[in-house]
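Enquirer: Structure below; questions to follow.
What follows draws every value from the coordinates through simple rules; no lab data is involved. Every value quoted in this text rests on a predicted model; they were computed, and no experiment measured them. Counting neighbours? That spans all protein chains shown, and the Cβs are built from the backbone with ideal geometry, glycine included.
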Amino acid sequence: MKRGYEGTPSTSFGPPKSKLRYDSYDGSRASEDESFDNARRVADHYSARSNQTLEEREASPIIHLKKLNNWIKSVLIQLYAHPKDAVLDIACGKGGDLIKWDKARIGYYVGVDIAEGSIKDCRTRYNGDSDQQQRRKKFSFPARLICADFYEVRLDKYLHDDAPFDVCSCQFALHYSWSTEARARQALANVSALLQPGGTFIGTMPDANVIIKRLREAEGLEFGNSVYWICFDEEYSSKKFKSSSPFGIKYKFHLEDAVDCPEWIVPFHVFKSLAQEYDLELVFVKNSHEFVNEYLRRPEFTDLMRRLGALGDGNQDQSKLFCSMTLSVPLMMMMMALTQVSKNAGTLSQDEWDVAYLYLAFVLRKRGQPNLSGRNNNTNRGKMFLSEDDVEFIGGSHDP
């Protein structure tokens, strides 16, 4: 039987709202309704995306960007996940990172996503069903999957017996919480309440500084290249944004074969300050270009990049490509060498590299020291095989 749970509305918990006050946080019903509609639209978009075959995936116009993003996520996981860790995967989607967590030898996994279709696909991938063409051994960790809006409902009580988690992860999705201050606070409150002291919150999201810079460089309110475009509404025709209203700054984002839905600007200095209210302190933040520049120098991650094939086989004019990229000379030479030994066709294009510049990676740590002796035996909460009835639905995430 599917478990149901009516979560409470978007009210923050944890540290009080003492430092930050913004005009956009008015708690109005209209704002809540619009927020729900936007969240539903995003969920419907990702639910509707079908699983691709290997051939379809390799034919994607952004296949090397996808592989580069997978490399970035893999590096974050290898850096901060440890054997036997309990992991909370926020906006887990179709389970694309399950193999990464398995390679990190984690001990327990809880995936949460607002999109019912994505959660069902994640269950299928976890079970290794034939239509996923997984052809691999079963995952080594027990899992639990929950369909819920992580940015809308309190999960501290619901996941009390699973917490504390050692690692929380939110990949390319946290900006969807930034439509209102209430949702942004609920997201951080959930992370703080469920993460153990000393635990790590890792993630990736759009780089607001880059997006606003490109907006101001554009002639109009739209900019992009052959694989993406971003468009702002007329209300932002001045291309100026009030520091008193950092939430709800919406734009339309289209990325070929990936995304076509509204997103929200996340001014990182505001995100950092808000996170501090919930006992989450910044470890680092790096634009994706900076991230590649730093971690591709490490041999283990260089080998990982080669195996993932993000840079292709070097069939294109690599000297022209990499000289146009903002890389240090040693890194440029390393990337050129990698393309000569990779087995996949094509290579990372300049347009894909430009899209990568739109994103950043971050790591936060919860204040305090972990209480290793007081850990719950949370692995007993998960299962090694998940039936349809094992998928749990919280609040309004499941339409009857």
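Enquirer: In the structure displayed, which of LYS157/LYS252; LYS66/LYS383; LYS103/LYS252; LYS67/LYS383; LYS67/LYS286 lie more than 27 Å apart, Cα to Cα?
Expert: Flagged as over cut-off: LYS157/LYS252; LYS66/LYS383; LYS103/LYS252; LYS67/LYS383.
Enquirer: Would you work out if segment 201-244 is rounded, prolate or oblate? Take a ≥ b ≥ c from the square roots of the eigenvalues of the alpha-carbon gyration tensor; rounded if a/c is under 1.5, else prolate when a/b is larger than b/c, oblate otherwise.
Expert: Oblate is the answer for segment 201-244, as a/c is 1.5 or above yet b/c matches or exceeds a/b.
Enquirer: Still on this model: For ASP389 and SER238, compute 0.36 nm times the residue count separating them, minus their Cα-Cα distance, and round to one decimal in nm.
Expert: Full extension from ASP389 to SER238 adds 49.3 nm.
Enquirer: Shifting gears a bit: Assuming R0 = 41 Å, can you tell me the calculated FRET efficiency for the pair GLN350 and ASP156, based on Cβ-Cβ distance, to the nearest 0.05?
Expert: So, using R0 = 41 Å, E works out to roughly 0.35.
Enquirer: Return the sequence-ordered ³J(HN,Hα) values of segment 353-360 in whole Hz as given by the Karplus equation 6.51 cos²θ - 1.76 cosθ + 1.60 applied to θ = phi - 60°, using x for Gly and Pro.
Expert: Result, ordered by residue: 4, 5, 5, 4, 5, 6, 10, 9 Hz.
Enquirer: Let me ask you something else. Output ³J(HN,Hα) for segment 157-172: one whole-Hz value per residue in order, computed from phi by the Karplus curve 6.51 cos²θ - 1.76 cosθ + 1.60 with θ = phi - 60°, and x for Gly and Pro.
Expert: Per-residue couplings from phi come out as 6, 5, 9, 4, 6, 8, 6, x, 9, 7, 9, 10, 9, 9, 9, 6 Hz.
Enquirer: Now, a different point. So if we plug the beta-carbon distance of GLU294 and LYS272 into 1/(1 + (r/R0)^6) with R0 = 30 Å, what FRET efficiency do we get, rounded to 0.05?
Expert: 0.90
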